[in-house]
Amino acid sequence: MMLLSQTSTLVALALGWLTLCTKAVTPVQYISAVNVTQPINLAVSPVCGALNSTTFTEVNAGVKLSATKTIVAFGDSWTSNGSNGTISLAPVIFPPNPSAGSRVGGKGRASNGFVWVEDMGNTLGAKVVNYAWGGAVTDNQAWNSTKAAPRVDFVQETSLFTQTGRILSDLTPANTLYTIQFGNDNGQFQLDGGDWNKASDTFLAQLAILQAHGAKNFLIHWVYFAEPNTDAFQSRIFAGLQQARAKNGINFATTCLVSANTMVGGCNDPDHAVFWIPGHPSAVTHELINQYTLQTLSQFLLLPP
């Protein structure tokens, strides 16, 4: 398993939410603006844990929010805003398409407004460069080694960043936060059980590649559900980060909270719904994810080893 070098700061978060709104909605024929109110409030606060914990816990070992000026995001549809490393479109709904920012197709968000990393950027006044892609897995070859890769994966997102990220002028290591969120799609796209060990190794390898390109601060979100393969996958990554800290003195942290094609049949009150479309948070829930993440990073900042 590849270890990370001394200068990295890692934060890992697992987020869980509860309910899906399934009330009917009547499609409208005009462009609807995003509601910026927050009628759902965060009911859970992070609880500080120990760095030597064998289970996921809330802790921040070195990420300073006040220093963050640029956020570079990787992940799947929970993080993607449809920009794929380019300029994102405004989070406007064009009914019946449920993807905020997209008139046709799936180039927008799997939500009815900003996704959590955009909310974080707005809160911190930081620029967001988003490489996340809906449906992405950690490593295509971990799920299917005999056929052409059918999905975008962390490897491809990292490769795109290394090719295009260098042209960005505001990636000062101390002021740039790299967010990584994978795992929601690993299970559903696996073939013959997949190779979860390869996936965890690949995850850590991509962190090392990003670090080689100047990354020092990492924020890692885990999945919002409990499942044996996923739990073991995350435990292997967590153990690898612990080993890297012990060997190289890196800082890291973990924390946890214990139809996607049309608006028709969806929620008629998305501002009071946890999910917008099946398995994907509403805009208000993304803001709650942002609030919880900011609380974790603000409350549990530890000194370097």
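The values are calculated or read from the model by the stated rules, or taken from the named source; none is laboratory data. No experiment lies behind these values; they were computed from the predicted model shown. With ideal geometry, Cβ positions are generated from the backbone for all residues, glycine too; neighbour counts draw on all protein chains shown.
Overview of results
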{"read-out": "Filtered residues of the stretch 213-245 (kept if modelled with pLDDT of 75 or more, within 25 Å of S298 (Cβ to Cβ), under 19 Å from the mean Cα position of the chain (by Cα) and of a type outside the set (K, R))", "value": "A215, N217, F218, L219, I220, H221, Q234, I237, F238"}
{"read-out": "The stretch 117-170 - residue that is modelled with pLDDT of 85 or more and aromatic (F, W, Y) and, of those, nearest to A215 (Cα to Cα)", "value": "F161"}
{"read-out": "Leading residue by the ranking (modelled with the highest pLDDT) among those in the stretch 37-66 that are within 20 Å of the chain's Cα centre (by Cα) and among the hydrophobic types (A, V, I, L, M, F, W, C)", "value": "L65"}
